[in-house]
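The values are calculated or read from the model by the stated rules, or taken from the named source; none is laboratory data. None of these values were measured; they are calculated from a predicted model. Cβ coordinates were reconstructed from backbone atoms using ideal geometry, including for glycine residues, and neighbour counts include every protein chain displayed.
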Amino acid sequence: MNWTTVADVVAAVFLILGSFLVFSAGVGLNRFPDVLFRLHAVTKPQVLGLLGAMAALALRIRSGSSVWMLVLVALFALITAPVSAHMVSRAAIRTGQMDRGALVADELADDIKAAQSNLAEHAAEEAAAAVAAAASSDVAGGSSKPGAAGESGVRGSGAKAGDIT
Amino acid sequence: MTAVVWICGVLLSAGAVLSVYRIWAGPGMVDRAAALDLLTATLIAGIAVEAAVARRTDTIPIMLAVALLGFLGSITISRFAAREPESERRILTPAEARIADELRRAKAERDSEEGEE
């Protein structure tokens with residue numbers, strides 16, 4: 001039993017392992033109820049399965065330059081998988097295509113609430129300043145309407161607070 | 001080696017079918033992006049299995065290109081994902097479409113009556 005046979009056997013094991021991991025990612029994609037759960041179940045086995053397939057291919061080919069190309073593919077999968085998973089989950093949260101109630105801990109909700117109350121305070125200060133400015137110009141004999149200025153300021157702040165996520 | 005190819009082929013095909021099912025079922029665009037990501041990974045793994053069996057090296061650049069394409073695809077989808085109403089996330093059956101139409105018409109009538117008052 002020489003080392004090429006051993007390499008072939010190890011490659012076969014890696015191939016089956018990688019294929020099984022990709023298959024399990026497919027199962028996880030259909031088993032879980034919400035986007036974030038599915039992303040969690042998909043991203044990790046997918047990358048590990050790809051690494052297994054690349055390792056198997058490297059063990060079968062056993063030539064320098066091709067193996068380096070395979071390392072490149074594996075490295076690329078390792079770098080891009082977290083980025084794309086992050087972008088997809090970010091889009092899920094931003095477009096509201098997820099079930100907030102299914103989360104055990106929703107840390108983003110606390111941050112959003114804090115940011116919105118900050119914005120509301122800021123907007124209230126701005127509105128007060130606008131009303132004060134309008135009143136002073138009114139006193140000075142200007143023809144501006146203080147009520148309108150205050151209202152528009154409040155409405156603008158409302159739109160701003162709603163936009164955050 | 002034949003047995004290994006069969007096992008890998010069955011597992012990868014099952015994974016591909018499952019991800020295609022998720023692309024079909026949705027319900028949101030982001031689910032489809034995730035499933036598309038998995039589908040490209042399955043494609044790369046399938047090419048790798050074939051290359052490992054035949055000991056060929058000329059398909060390795062294809063794997064690199066498919067990996068790049070899948071990454072760009074999911075990034076693009078999630079970057080331009082728009083807020084979409086619940087009812088428009090999948091293609092409705094004719095009966096469902098009729099019901100949705102009637103609801104919309106009733107709502108429009110109600111709104112116009114309120115406007116007149």
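Count of segment A:13-38 residues, restricted to those that are in a helix (DSSP H, G or I), surrounded by fewer than 18 Cβ atoms within 10 Å (Cβ to Cβ) and modelled with pLDDT under 90, is 3. Number of residues in segment A:67-92 that are touching a helix residue (DSSP H, G or I) at 6+ places or on another chain (Cβ under 6 Å), within 12 Å of B:MET63 (Cα to Cα) and free of Cβ contacts under 8 Å to residues at least 24 places away in the same chain equals 4.
For A:LEU75, the conditions (1) within 16 Å of B:ARG56 (Cα to Cα); (2) more than 9 Å from chain B (Cβ to nearest Cβ) all hold with the exception of (1). Scanning segment B:47-74 for residues that are crowded, with 19+ Cβ neighbours inside 10 Å and closer than 27 Å to B:GLY28 by Cα yields B:ALA67, B:GLY70, B:PHE71, B:SER74. If you check A:ALA41, A:ALA55, which single one turns out to be farther than 30 Å from B:PRO27 by Cβ and either more than 9 Å from chain B (Cβ to nearest Cβ) or modelled with pLDDT under 90 (or both)? Selected residue: A:ALA55, the only one of A:ALA41, A:ALA55 that is farther than 30 Å from B:PRO27 by Cβ and either more than 9 Å from chain B (Cβ to nearest Cβ) or modelled with pLDDT under 90 (or both). State the number of residues belonging to segment A:1-12 that are of a type outside the set (Gly, Ala, Ser), more than 9 Å from chain B (Cβ to nearest Cβ) and assigned to a helix (DSSP H, G or I). Number of matching residues: 6. For the structure I just gave you, tell me whether A:PHE32 is without any contact (Cβ under 8 Å) to a residue 12 or more places away in the chain and within 15 Å of B:PHE71 (Cβ to Cβ). So A:PHE32 fails the test.
Screening B:TRP24 on (1) at pLDDT 85 or above; (2) touching a Ser or Thr at 6+ places or on another chain (Cβ under 8 Å); (3) not β-branched (Val, Ile, Thr) shows it passes everything except condition (2).
Within segment A:25-38, being more than 7 Å from chain B (Cβ to nearest Cβ) and either in contact with a helix residue (DSSP H, G or I) (Cβ under 6 Å, 6 or more places away or on another chain) or of a type outside the set (Phe, Trp, Tyr) (or both) holds for A:GLY28, A:ARG31, A:PHE32, A:PRO33, A:ASP34, A:LEU36. Given the structure, is A:GLY49 surrounded by 18 or more Cβ atoms within 10 Å (Cβ to Cβ) and within 7 Å of chain B (Cβ to nearest Cβ)? Considered against the rule, which asks whether it is surrounded by 18 or more Cβ atoms within 10 Å (Cβ to Cβ) and within 7 Å of chain B (Cβ to nearest Cβ), A:GLY49 comes out as yes. I want to confirm something. Restricting to segment A:78-113 and keeping residues that are facing chain B (nearest Cβ under 7 Å) and outside any helix (DSSP H, G or I), which single residue is surrounded by the fewest Cβ atoms within 10 Å (Cβ to Cβ)? Filtering segment A:78-113 for residues that are facing chain B (nearest Cβ under 7 Å) and outside any helix (DSSP H, G or I), the one surrounded by the fewest Cβ atoms within 10 Å (Cβ to Cβ) comes out as A:GLY96.
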